[in-house]
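Each remark here refers to the structure printed beneath this line.
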Amino acid sequence: MAKKGTKKSEKSNAALIRDYLNANPGVQPKAVAEELTNEGHKGITAQYVSMVKLQEKKKAGTPVSARGAKGSLGAISGRGGKVTSDELMAAKSFVKSMGGLSRAKSALDIYAQLAE
């Protein structure tokens, strides 16, 4: 048996979310989901609201950045603070000049012993 689709007069959940967000910019996804669920719309979760918001940003051409995982380059910091892109480029050049990452690590290990 075929599934029943939404009636032409009914809006999809995504359309309801977009309309709500346009009318109430800056509202958190959880609040949107709660409000639309209280109005009687089923299947709207905060995660779904977030997905619709992300799709709208992509359509608008707004750059969308992914969350950095632990240990990602954006989270590198040491004694002197965060590592800059210039420092990363210098490290890349160093690794290339040493002939690879393993040789560069070996050289840095020896340097660390000499510095002690």
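Sequentially through region 93-110, phi angles give Karplus couplings (6.51, -1.76, 1.60; θ = phi - 60°) of 5, 4, 4, 5, 5, 7, x, x, 5, 5, 5, 5, 5, 4, 4, 5, 4, 5 Hz, Gly and Pro residues having no value and appearing as x.
Working from label points 7 Å from Cα in the Cα-to-Cβ sense, the Lys59 to Ser106 distance is 5.7 nm. Here Lys30 is the anchor, and the aspartates and glutamates within straight C-alpha reach of less than 18 Å, apart from those fewer than 8 places off in the same chain, are Asp19, Glu39, Glu56. Measuring from a point 7 Å past the Cα of Asp19 along Cα-to-C-beta, which residues in region 32-64 have an amide N at less than 20 Å? Of the residues in region 32-64, 32-46, 48-57 have backbone N under 20 Å from the label point off Asp19.
All of the numbers you see were taken from the coordinates with simple rules; none came from a lab. The structure displayed is predicted, hence computed values, not measured ones. FYI the Cβ positions are ideal-geometry reconstructions off the backbone, even for glycines, and counts take in every protein chain you see.
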